[in-house]
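See below for the structure under consideration.
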Amino acid sequence: MAECDVKKIDVGDGAALPDPEDKGLVSAWWIALIGTIGLLIALPVKDPDTYGRVLTFIPDGILVTFEVTILSIALALVIGLLTGLGRLSKNRYINLIASLYVEVVRGVPLLVQLFYIYFALGRFVRVPDIMAAVIALSFCYGAYMGEVFRAGIKSIDFGQSEAALSQGFNQAQTMRYVILPQAWRTILPPVGNEFIALLKDTSLVSILAVSDILRRGREYASESFNYFETYTIIALVYLLITLVLSKILSNMEQRLSHYEKR
Amino acid sequence: MLKKAVLTLVTLAVMCGSAWAEKTIIFATDATWPPMEFVDAHKNIVGYSIDFLTAAGKEVGFKPVFKNTAWDGIFAGLAAGKYDSITSSVSITEERQKKMDFSEPYFVVQQALIVQKDSKAMGLADLKGKKVGGQIGTTGYFAIKAAEGVEPKSYDEIGLAMEDLNVGRIAAVVCDDPVAANYALIKYKDTLKIASVIKSDKPEYYGFPVQKGNKEILDLINKGIEAVKAKGIDQELKKKWIGQ
C-alpha cells in the first residue's frame, strides 16, 4: 500500500504565490480600491439627487464611527494585554479572573452585550450612548485580544525568558524588554484583523441610536425611500475605510517583520 | 424540472384557493406601536388597526393576514411586493404618496411631546440644545428634525426612545398621541407625562398604503373602511383600545 505510486510533490509544483515584492502585479486590493473610489465618485456625479445626497448626509456619521472605533480599540488593547498576561499568570486568582472574563464575554453575542450595557445597566447607571458603545465593544474585543496576546507571548521560546532571568532581569522587565517586543510581531497581524472586525462591528451600535454611518444612512433612506442608493453608498464607504486600514496594517506588519527577511 | 412542477402546483393551489375562499390580503405591521398595533402577552399581534382590518374584512369579504415587520424598511418591502399593504399607523404624507397609493384615512392623529414628570418644557421650542428622540422614519421624528435648535435622535423602536427618556438620557420624545398616551399614562405613568400636542397646519391621518397602481386591493380596503365607519365599529374600537 505504502509503495504503490507515491507521487512526490515538490514545493515548486503548486500554484505560484504572488511575490509581495513584485510591483508589476495587479493585486485584488488595488482593483477593489480603485473600483470603490471610482464608484464613490461616479455614482454621485451621475445622480446627485440620490447618491449625492446620501454622501452629503453621512459625514458626521463617519466621524462618530471613527470615534467609537478608536476609543474602543485603545481600551480593548489595554484590556487585552492585561487579560493575556492574567491568563499566563502563575497567581491562581488572577488567572481565574482573567479566564472567567474571557469565557463569559466570548459566550455572549456583542449585540446582546450592547443592549445589556445600554438598556439593562442603564436603569442603574446613566451611561451616555457613545460611552456605552465603547464599553461594550472594548469589553467584547478585549477578551478576543487577550487570547491573541496570550498566544503571542507563548510563541516566544521559553529559553528567552530563562536567559533574561539569568541575566538578572525580574519578571516584569523580562516581559517588558525581552518577550513583548518579540511577541508583538506575532501579535500584530491578528490584532490588525480584530481592529478591522471591530470597525465593522461598530455598525451594530446604530441600534443604540448612536448616529454612526449606518444610522445616518438609515435616517436618510427612511425619509427618501432611496434604499438601494443609500445602502450602496454605505457599503462603499465602509469598504473604502477597511481597505485603507488593511493596507496600513499590512505595511506595519512588513516593517515589523524585517528581521525575518533573508 | 422539479422547480417547474412545484411552481405549477403552487400556482394551481393559489388559483383554486382564491376561487372559493375569500381574498387574503397580507398586511405588514411593525407591532411595537401600542395601542394601535403591538404584540400581547400571548405573542399575538393585536391593537386598534388589527381589529379595524379584521372587522373590515368581515364586512366586505377579505381575510387580513398580519406579518410582523421591522419599521425601518417596511416601505421597501411593500415596493418589493413582499406584502400587499401595511397597517402600521402609517400617516399619509406627501412624500409617501409619491411612492405609494394610500387608502382613505382611517384615523386622525396628532404628534405629542412626552417629557419627564418634573420637566417644565411645554413644547419643542423649550428644548433647544437638548436631545429629543423619535422612531426613525416617522412623522414624529420628522417634526423633531424640523424644529430649530433641538438635537434629533432616531431609534429603531419607540419603546427604546421611551426607555431612554425614562432613564434621562434624552429630554423628550415625540410620537403619535395614542402611543404617547399609552406610554405616559400606563407603562411609565410614574416617571413620564405628555407635555403638549404639537400644532400642525394640516391634520394628520393614518392610511393603508399599497403599491402604486394596485387598484384591486386598494378598492377592497376602501370598501372595508367605509363599511366599518358606516356601522360605527370604529367608535367601539376607539373605546376599547384608546378609551375616548
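For the reader, a short list of remarks on this structure follows.
- Remark on residue B:63: its backbone amide H falls under 5 Å from those of B:23, B:24, B:25, a criterion applied only to residues 5 or more positions apart or on other chains, H modelled at 1.01 Å from N.
- Distance cut-off 26 Å, percentage of C-alpha pairs in region A:34-251 lying past it: 47 percent
- A DSSP coil position with no more than 11 other Cβ atoms inside 10 Å describes the following chymotrypsin sites (Phe, Trp or Tyr not before Pro) in region A:77-127: A:124.
- Note on residue A:95 and residue B:226: with the Förster distance fixed at 56 Å, the Cβ-Cβ geometry gives a FRET efficiency of about 0.15.
- Spacing of the two label points (7 Å from each Cα toward its C-beta) at residue A:252 and residue A:120, in nm: 3.2 nm
- The antiparallel fraction among DSSP beta bridges confined to chain B stands at about 60%.
- Degrees between helix B:48-60 axis and first principal axis of chain B (Cα, 0 to 90, nearest 10): 30 degrees
- Among A:102, A:78, A:210, the largest mean-square fluctuation in a Gaussian network model of chain A, built with springs joining Cα atoms closer than 10 Å, belongs to A:78.
- Annotation for residue B:205 and residue B:125: the two label points, set 7 Å from Cα along the Cα-Cβ direction, are 3.0 nm apart.
- Helical mean residue ellipticity (222 nm; -39500 (n - 2.57) per DSSP H run of 4+; nearest 500) of chain B: -11500 deg cm²/dmol
- Spacing of the two label points (7 Å from each Cα toward its C-beta) at residue B:189 and residue A:103, in nm: 4.6 nm
- Phi angles across region A:87-94 convert, under the Karplus curve 6.51 cos²θ - 1.76 cosθ + 1.60 with θ = phi - 60°, into 3J(HN,Hα) values of 5, 9, 5, 7, 6, 4, 6, 4 Hz, Gly and Pro given as x.
- Residue-averaged beta-carbon neighbours from other chains (10 angstrom radius) around A:212-225: 4
- Residue-span extension gain [residue B:41 to residue B:98] - 0.36 nm each, minus C-alpha spacing: 16.8 nm
- R0 of 35 Å, Cβ-Cβ distance residue A:176-residue A:240: FRET efficiency to nearest 0.05: 0.40
- Projected area averaged over orientations for region B:100-231, convex hull of C-alpha atoms, nm²: 9.2 nm²
- Helix B:215-230 and the long axis of chain B differ in direction by around 60°, with both axes built from C-alpha atoms.
- Over all other residues within a Cβ to Cβ distance under 10 Å of residue B:27, the charged ones net out to -1, with Lys and Arg as +1 and Asp and Glu as -1.
- FRET efficiency for the pair residue A:32 and residue B:236, taken as 1/(1 + (r/R0)^6) with r the Cβ-Cβ distance and R0 = 60 Å, rounds to 0.50.
Values in this text are rule-based calculations from the coordinates and carry no lab data. Values in this document were obtained by computation on a predicted structure and should not be read as measured data. A quick note on method: Cβ atoms are made from the backbone with ideal geometry, for glycine too, and the neighbour counts reach across all protein chains shown.
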